[in-house]
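First comes the structure, then the notes that go with it.
The values are calculated or read from the model by the stated rules, or taken from the named source; none is laboratory data. Being a predicted model, the structure only gives us computed values, none of them experimental. All Cβ positions, glycine included, derive from the backbone under ideal geometry; neighbour counts span all protein chains shown.
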Amino acid sequence: MKKEIEQQIHALFEEVKQQGSFNGVVLVAVQGEKLLCEAIGTAEYNVGSSRHLTTDSMFELASVSKPITALGIVRLHQLAKLHWDDPIANLIPELPYPGITIRHLLSHTSGLPDYMELFANLWDPAHYARNEDVLHMLIEHQPDPLFAPNESWMYSNTGYIVLAILIERISGQRYGDFLNEQIFQPLGMARTKVYNRRVEPGLVPEDYAWGYVYRIGHGGYVLPDDVPELNYVRYLDGLQGDGMVNSTVGDLLRLDRALYDDEFVSSTLRQQMFAPVSMNNGEIFHYGMGWLVEHDDRLGSIVHHTGGWPGYSTWFKRYIDRDFTLIMLQNGERDHAYTQQLVKSIEQIMAGEAYDVPSPLEIKKIIPLESKNVEAQLGKYRFTNNTGDSHEVEIYIERDKLYMKLSNGMVLSLLPLTTTRYFEEQTATELEFLIDEDGKRLRLAWYTEDEPEVAERMDIDRRDEL
């Protein structure tokens, strides 16, 4: 069975290489034995450089850093330095959000507001932000919490910044030094480090995978630093905890093996780490302490985390009932849907099913933007999900380019495919402006999933037609 899986996975990736749609390193293992460990593509696109990725290339992990930050908190628990239900006010009394515990931070039930929106609107982008700056911004501006602690669930980068601050205050060490001493060195993860490459450009590790974004208007892959709407990658580069752990597929496999070792983390503690969170109303959300948790009828219990940041797309998936491991690190993703299908294809092979090869990426045909066609589309729109939560976006034009600004301050560039349909490169999704038959009601459809999200226009007094 293992040999058949290995052969099929290698056959799948031969086709993936022929398509030229994947740039990164993939590792697939069964019981710790590597069935596939392959580097595909380029580590550096700079002029005059054609350095290729290797299986030892180091990648920024983006949000795959979160399970590692959580493991740092677990280590402090093992050292009897904290308890899950300790109020963070005991350690960060100046933070103006009462009632939050360490457990709430780990499980994304704290209700802390998003720091990215604060920084997009109020931070001087000429300076690098640090973790303490996030704390100071929350204290100074005190944006409303999203909800009371443990009343709901919302993915929180802010919460993991606060966890990194807690690690430093409790241990008396820098966040990276503590992780290195307590996790990386004991596990032999010699190619793993907390690293902010823009803050410390002179310390680029050997065999580093530079993260690139694909931009049609720039002729292909470019550094996110060269894309104006991605300027936050620079001023947020000094933050740690929600991201900024850098590692390799080999080191992450070492971490995977350690998480089966009772001497590293006891079985009782693992059960707590991988247990879904229960909120005040009894509702369950399938996120534990730094890990998404799920059950697949074919593959059993799974714990995993993904990461996405301009230039990097990462996936660390552990099929703990079957002892399968999938690690995928990319430094040039063009389409998240392609990555999702590739993971699905690998899972089909693992489950003994016939597998589907991901469809090659199509080249989008962009047409010139004409202001007369765009004028009627400008304005604010509100998306509302099934639970009643809503978020607003603004469509505006600047220097003959169309943009969508999200409620967290993030700006996405919209490239016209037709006069009403647009392609957004950062999320590799399409959006479409829809108008009712009477020509008076304009809506915005965002094709992020199988069913589009549809936003209602907020400035409804406007009656311009497309």
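Annotations
- Residue in segment 249-293 that is nearest to TRP84 (Cα to Cα), counting only those that are over 21 Å from the mean Cα position of the chain (by Cα) and of a type in the set (Phe, Trp, Tyr): PHE264
- Among (1) over 30 Å from LEU415 (Cβ atoms); (2) surrounded by fewer than 19 Cβ atoms within 10 Å (Cβ to Cβ), the one test that VAL222 misses: (1)
- Subset of segment 67-99 that is over 17 Å from LEU269 (Cα atoms) and touching a residue at least 60 places away in the same chain (Cβ under 8 Å) - its residue that is surrounded by the fewest Cβ atoms within 10 Å (Cβ to Cβ): LEU91
- Test for GLY311: is it free of Cβ contacts under 8 Å to residues at least 40 places away in the same chain and at positive phi: no
- Residue in segment 377-409 that is nearest to THR419 (Cα to Cα), counting only those that are assigned to a loop (DSSP other than H, G, I, E, B) and out of contact with any Asp or Glu (no Cβ under 9 Å at 6 or more places or on another chain): ASP400
- Looking only at segment 355-387, and only at residues there that are touching a helix residue (DSSP H, G or I) at 6+ places or on another chain (Cβ under 7 Å) and among the β-branched types (Val, Ile, Thr), the one that is nearest to LYS405 (Cα to Cα): ILE366
- Cβ-Cβ distances below 8 Å connect the following pairs, each with a first residue in segment 211-237 that is closer than 23 Å to LEU118 by Cα, a second residue that is β-branched (Val, Ile, Thr) and part of a strand (DSSP E or B), and a separation of six or more residues or different chains: PRO224/VAL213; VAL227/VAL213; GLU229/VAL411; LEU230/VAL213.
- For segment 4-36, the tally of residues that are farther than 22 Å from ASP335 by Cα, assigned by TED's automatic domain parsing to the domain that holds GLY250 and either outside any loop (DSSP other than H, G, I, E, B) or touching a Phe, Trp or Tyr at 6+ places or on another chain (Cβ under 7 Å) (or both) stands at 6.
- Search result, residues across segment 400-418 that are among the β-branched types (Val, Ile, Thr) and surrounded by fewer than 16 Cβ atoms within 10 Å (Cβ to Cβ): THR418
- Elements of type helices (runs of 4 or more DSSP H) in segment 89-195, at least 3 residues being assigned by TED's automatic domain parsing to the domain that holds GLY243, within 25 Å of LEU61 (Cβ to Cβ) and at pLDDT 95 or above: 102-107, 131-141, 157-171, 175-179
- Within segment 294-303, considering residues that are touching a helix residue (DSSP H, G or I) at 6+ places or on another chain (Cβ under 9 Å) and surrounded by 17 or more Cβ atoms within 10 Å (Cβ to Cβ), the one farthest from MET273 (Cα to Cα): LEU299
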